[in-house]
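Beneath this line is the structure, given in structure tokens, with notes to follow.
The values are calculated or read from the model by the stated rules, or taken from the named source; none is laboratory data. Everything quoted here is computed from the prediction, not taken from an experiment. Cβ sites come from the backbone with ideal geometry, for glycine too, and all protein chains shown count toward neighbours.
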Amino acid sequence: MSSSLRTTILHLVRQFQNERAASQIFIPGKTPVRYAGRVFDADELVNLVDASLDFWLTASRFAEEFENRFAEYFGLANCILVNSGSSANLVALSTLTSPKLGHRRLKPGDEVITVAAGFPSTVNPIIQNGLIPVFVDVGIGDYGPLPDRLRQAVGPRTRAIMIAHTLGNPFDLDTVMDLVRSHDLWLIEDNCDALGSTYRGQLTGTFGHLSTVSFYPAHHITMGEGGAVLTNDEELARIARSFRDWGRDCYCTGGESNTCGKRFSQQFGTLPFGYDHKYVYSHIGYNLKVTDMQAAIGCAQLHKLPHFIARRKENFAALHNRLSPFQDRLILPHPTPHSDPSWFGFPITIRDNAGFSRNQLTQFLEDHLVETRNLFCGNLLRHPAYQNITHRIVGNLHNTDIITERTFFVGVYPGIGPAQLDYMVEQFAAFFSSH
């Protein structure tokens, strides 16, 4: 295909998207105020079509560009793209079970400290790898693990901590990093909701041995589906790529061979000496790679990240200010000390003496086209799939149960502008005028 024809196609794609975007306006009471969503322009569509014209399909030039730029954003050496944030968590935790880590590896029966108030994909990899989740309660308002409970949770079999920065609000990294150092623990930061958040001026996702990010449409930037594992440790990065790529020992990139220089001259297991390194498997892995078309969208989104982060912070601040008159009935969110969150959502907990239930308020908002979401699973241990898992609870999960009964969140994503904020606040006020 000639370059001039490609240029013409991409020009028409840009024109198509610009015309479509011009017709989209917000009409109060008729247009839904989403809790989250993709925010894009012609750049994403042009990149998507550009990648599709190559018809490479699997990871290629856009994936390489994104991995390099995303790692650079964090100041880390390695970004490993995968097909979802859930897969990122699975790869990250599985990485720490690798025999290549020797005595440092996680083994079945080892304990991992986490919370029950979050999304299942933070806890699932712990269970799937035969490890034991140790649950600690969280605070109301910041929704992060209680520092005293974290300290109490460390036992003789504790080997790791894996917790998400809830709705973008960093957990107490002073306490967590002190435990990591003093007890020689692994740390995985689930940073899927917190892209751009900082703690003491340092980006979340750079504290842990490994961290994860999601690119689902609801998150800070999107590829449709997609995720990433980040690490500054070259050994962990190589293991993570192995788990992502079927568990193979070979670390050649697509289309390359013999990166190690010893493709036919090594001994592995009981295989014949010199067995082709491209087909040697050192882990029981998966195929969790991303496509280049997804990465192409991500490359365009990455340019917008600073703006997206700023808009989330602005929307959060505006919503907090305008809902503050209702604090006698609502518990509004607050940042963890020393943090500057890039908020995923605006969490609200109904006070126990409010005179109405969460469902009454959220049903009213939904009926008036303001989307709401519960704080994910609430207490994960109360769900059918987790009734009989092996686990340990430190103290109780009192606040987690309050979240299950009385907490929800509304959106602050960049697609929400002043008109949508005005409408949201009007609906809260309308509800309170009749309750």
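Data for the structure
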{"quantity": "Among (1) free of Cβ contacts under 8 Å to residues at least 60 places away in the same chain; (2) crowded, with 20+ Cβ neighbours inside 10 Å - the single one Asn124 does not satisfy", "calculated": "(2)"}
{"quantity": "Odd one out for Thr362, checked against (1) touching a Ser or Thr at 6+ places or on another chain (Cβ under 8 Å); (2) among the hydroxyl-bearing types (Ser, Thr, Tyr); (3) free of Cβ contacts under 8 Å to residues at least 40 places away in the same chain", "calculated": "(3)"}
{"quantity": "Hits in segment 1-31 - residues which are loosely packed, with under 14 Cβ neighbours inside 10 Å and closer than 19 Å to Ala419 by Cα", "calculated": "Ala21, Ala22, Ser23, Gln24, Ile25, Ile27, Gly29, Lys30"}
{"quantity": "All positions within segment 389-430 that are surrounded by fewer than 19 Cβ atoms within 10 Å (Cβ to Cβ) and in a helix (DSSP H, G or I)", "calculated": "His398, Asp401, Glu405, Pro418, Ala419, Leu421, Asp422, Val425, Glu426, Ala429, Ala430"}
{"quantity": "Test result for Phe66, outside any helix (DSSP H, G or I) and more than 11 Å from Met293 (Cβ to Cβ)", "calculated": "no"}
{"quantity": "Residue match in segment 21-33 (condition: outside the structural domain of Leu179 (by TED's automatic domain parsing) and closer than 30 Å to Pro170 by Cα)", "calculated": "yes"}
{"quantity": "Some residue of segment 44-67 being touching a helix residue (DSSP H, G or I) at 6+ places or on another chain (Cβ under 6 Å), modelled with pLDDT under 95 and of a type in the set (Ser, Thr, Tyr)", "calculated": "yes"}
{"quantity": "Residues of segment 34-56 classified as part of a loop (DSSP other than H, G, I, E, B) and either free of Cβ contacts under 8 Å to residues at least 60 places away in the same chain or assigned by TED's automatic domain parsing to the domain that holds Gly345 (or both), total", "calculated": "2"}
{"quantity": "Residues being assigned to a helix (DSSP H, G or I) and either at pLDDT below 95 or touching a Leu at 6+ places or on another chain (Cβ under 9 Å) (or both) - total across segment 294-334", "calculated": "17"}
